[in-house]
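Student: Quick one: this structure, given as structure tokens, is what I'll be asking you about.
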Amino acid sequence: MLGWKNKGRQSATNVGVEIRPDGIAVAQTGASPQGDTQLLACEFLRCDADADRAALLRDSISSLGLKGARCHAVLPADSYQLQLTEAPQVPANELRDAVRWKIQDQLSMPVEEAVIDAFPLPQNTGRSDSVYAVAAAREQVDAIAQLVSDAGLKLKSVDINELALRNLASTINTGVRSIAIALLSPGKACVNVYGNDALYLSRQFDIPWKGGLMDDLPSDSLALELQRSLDYFERQMRQPPPKQIYLCGEHVSSDKIDDDLKNSLSTPLAVLDLADTLPLPAGTECDQLPLCVAAIGASLRSEVAA
């Protein structure tokens, strides 16, 4: 079911669905008459874990007229493990099984209950001996597959946040140099660096931020962790610095990026504005967009066999 290694040109219309602890994000993208990619629909269904999520998603898909559409789902960010590990010296078609054996003692679940896949770092990092390994509970993957199927969608892949955002980064970045996307949420953040349609670096860290509408960003700690990430990218992966860092997340706004934060980094910093990236449908509630970035990224994924 996991099929995150192939990315290509998007075909027709796709639906992205991210299951989050605080709700379900739904996004639909497709080609405009001029051939440009556009966001056709986007909504966040806020609910807790006890809600009838199947019914909520089914009603949303029905109201949007998307029954039968291709769907790329995104796992909850806290439901899988992503780690950089030494690449087993095996043929490509044996990589997944070799990685399963290699990381079994590092998993938070029994290996027989896990779905495991792996994808290599870009070759120009000088880290050809390393791969990213992903492990998710099979029960969780199966539950999301059932949820999507019950909503009337045709599941084509189950992805992770880091690679769903890669698709969005590829839409934003048409140049040679990489960009970084930092996704902020209460108490934690994840920064990912993308270039040449690939994930180079993914790093998670804690931040003293409650995530409220009136809460200021923790400039000192955020600048420190972002700079540490960039230092690793430049020194260990032998890459030029990204041309831009984009911040995103609920209640992350431009007015919260103060001069101290900007001046602490050598790379320009800005809030990710999806309205500048994808044409938005009329009536889109822009305050919901930061909650839907992974779903939007998933919907930008090319179709692959489930």
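The values are calculated or read from the model by the stated rules, or taken from the named source; none is laboratory data. Keep in mind that what you see is a predicted model, and the values were worked out from it rather than measured. When we count neighbours, we look across all protein chains shown, and the Cβ atoms used for this are built from the backbone with ideal geometry, even at glycine.
Student: Which one of 244, 204, 239 is in contact with a Cys (Cβ under 7 Å, 6 or more places away or on another chain) and either of a type outside the set (D, E, K, R) or surrounded by fewer than 21 Cβ atoms within 10 Å (Cβ to Cβ) (or both)?
Tutor: So the residue among 244, 204, 239 that is in contact with a Cys (Cβ under 7 Å, 6 or more places away or on another chain) and either of a type outside the set (D, E, K, R) or surrounded by fewer than 21 Cβ atoms within 10 Å (Cβ to Cβ) (or both) is 204.
Student: Give 158, 115 a once-over and let me know the one that is outside the structural domain of residue 49 (by TED's automatic domain parsing), surrounded by 18 or more Cβ atoms within 10 Å (Cβ to Cβ) and not in a helix (DSSP H, G or I).
Tutor: It is 115.
Student: Let me ask something additional. Which condition does residue 103 not pass, out of (1) buried (at least 16 other Cβ atoms within 10 Å of the Cβ); (2) in contact with a Lys or Arg (Cβ under 8 Å, 6 or more places away or on another chain); (3) aliphatic (A, V, I, L, M), if it passes all the others?
Tutor: (2)
Student: In addition: Name the single residue, out of those in the stretch 11-70 being touching a Gly at 6+ places or on another chain (Cβ under 7 Å) and of a type in the set (A, V, I, L, M), that is farthest from residue 285 (Cα to Cα).
Tutor: Ranking the candidates gives 12 first.
Student: Of the residues 159, 206, which single one is touching a residue at least 12 places away in the same chain (Cβ under 8 Å) and more than 18 Å from residue 117 (Cβ to Cβ)?
Tutor: Working: 159 fails: more than 18 Å from residue 117 (Cβ to Cβ).
Being touching a residue at least 12 places away in the same chain (Cβ under 8 Å) and more than 18 Å from residue 117 (Cβ to Cβ) holds for just one of 159, 206, which is 206.
Student: Looking only at the stretch 259-274, count every residue that is surrounded by 12 or more Cβ atoms within 10 Å (Cβ to Cβ) and either more than 20 Å from residue 229 (Cβ to Cβ) or in contact with a Gly (Cβ under 6 Å, 6 or more places away or on another chain) (or both) and tell me the total.
Tutor: Final tally of qualifying residues: 2.
Student: Can you name the residue in the stretch 82-100 that is in a helix (DSSP H, G or I) and surrounded by fewer than 12 Cβ atoms within 10 Å (Cβ to Cβ) and, of all such residues, is modelled with the highest pLDDT? First the steps, then the outcome.
Tutor: From the stretch 82-100, those in a helix (DSSP H, G or I) are 92-100; that's our starting set.
From what's left, surrounded by fewer than 12 Cβ atoms within 10 Å (Cβ to Cβ): 92-94.
On the way: 92: 82, 93: 84, 94: 87.
Going through the qualifying residues, I end up with 94.
Student: Please go through the stretch 231-264 and pick out each residue that is closer than 18 Å to residue 201 by Cα, of a type in the set (A, V, I, L, M) and modelled with pLDDT of 95 or more.
Tutor: Answer for the stretch 231-264, where residues must be closer than 18 Å to residue 201 by Cα, of a type in the set (A, V, I, L, M) and modelled with pLDDT of 95 or more: 245, 247.
Student: Still on this structure, please answer the following. Any residue that is part of a helix (DSSP H, G or I), polar (S, T, N, Q) and surrounded by 17 or more Cβ atoms within 10 Å (Cβ to Cβ) - is there at least one of those in the stretch 290-303? Reasoning before the result, please.
Tutor: Initially, the stretch 290-303 is screened for residues part of a helix (DSSP H, G or I), giving 290-299.
Now restrict to residues that are polar (S, T, N, Q): 299.
Pick out the ones that are also surrounded by 17 or more Cβ atoms within 10 Å (Cβ to Cβ) and you get 299.
Taking every residue of the stretch 290-303 in turn, at least one turns out to be part of a helix (DSSP H, G or I), polar (S, T, N, Q) and surrounded by 17 or more Cβ atoms within 10 Å (Cβ to Cβ).
Student: If I filter the stretch 190-209 down to residues being in contact with a Lys or Arg (Cβ under 9 Å, 6 or more places away or on another chain) and among the hydrophobic types (A, V, I, L, M, F, W, C), which single residue comes out as nearest to residue 76 (Cα to Cα)?
Tutor: Among residues in the stretch 190-209 that are in contact with a Lys or Arg (Cβ under 9 Å, 6 or more places away or on another chain) and among the hydrophobic types (A, V, I, L, M, F, W, C), the one nearest to residue 76 (Cα to Cα) is 190.
Student: On to the next question. Filter the stretch 271-299 for residues that are of a type in the set (Ser, Thr, Tyr), at pLDDT 80 or above and in contact with a strand residue (DSSP E or B) (Cβ under 7 Å, 6 or more places away or on another chain) and give the result. Spell out how you get there, then give the answer.
Tutor: Within the stretch 271-299, the subset of a type in the set (Ser, Thr, Tyr) is 277, 284, 299.
When the remaining residues are screened for being at pLDDT 80 or above, the result is 277, 299.
299 - this is the single residue of the stretch 271-299 that is of a type in the set (Ser, Thr, Tyr), at pLDDT 80 or above and in contact with a strand residue (DSSP E or B) (Cβ under 7 Å, 6 or more places away or on another chain).
Student: Output yes when any residue across the stretch 215-228 is small (Gly, Ala, Ser), crowded, with 19+ Cβ neighbours inside 10 Å and either within 30 Å of residue 120 (Cβ to Cβ) or modelled with pLDDT of 95 or more (or both), and no when none is.
Tutor: There is no residue in the stretch 215-228 that is small (Gly, Ala, Ser), crowded, with 19+ Cβ neighbours inside 10 Å and either within 30 Å of residue 120 (Cβ to Cβ) or modelled with pLDDT of 95 or more (or both).
Student: Mind checking which residues of the stretch 20-37 are of a type in the set (D, E, K, R) and out of contact with any Lys or Arg (no Cβ under 7 Å at 6 or more places or on another chain)?
Tutor: Those that are of a type in the set (D, E, K, R) and out of contact with any Lys or Arg (no Cβ under 7 Å at 6 or more places or on another chain): 20, 36.
Student: A further question follows. Go through the stretch 126-139 and count every residue that is buried (at least 16 other Cβ atoms within 10 Å of the Cβ) and under 17 Å from residue 163 (Cβ atoms).
Tutor: Looking only at that region, the number is 6.
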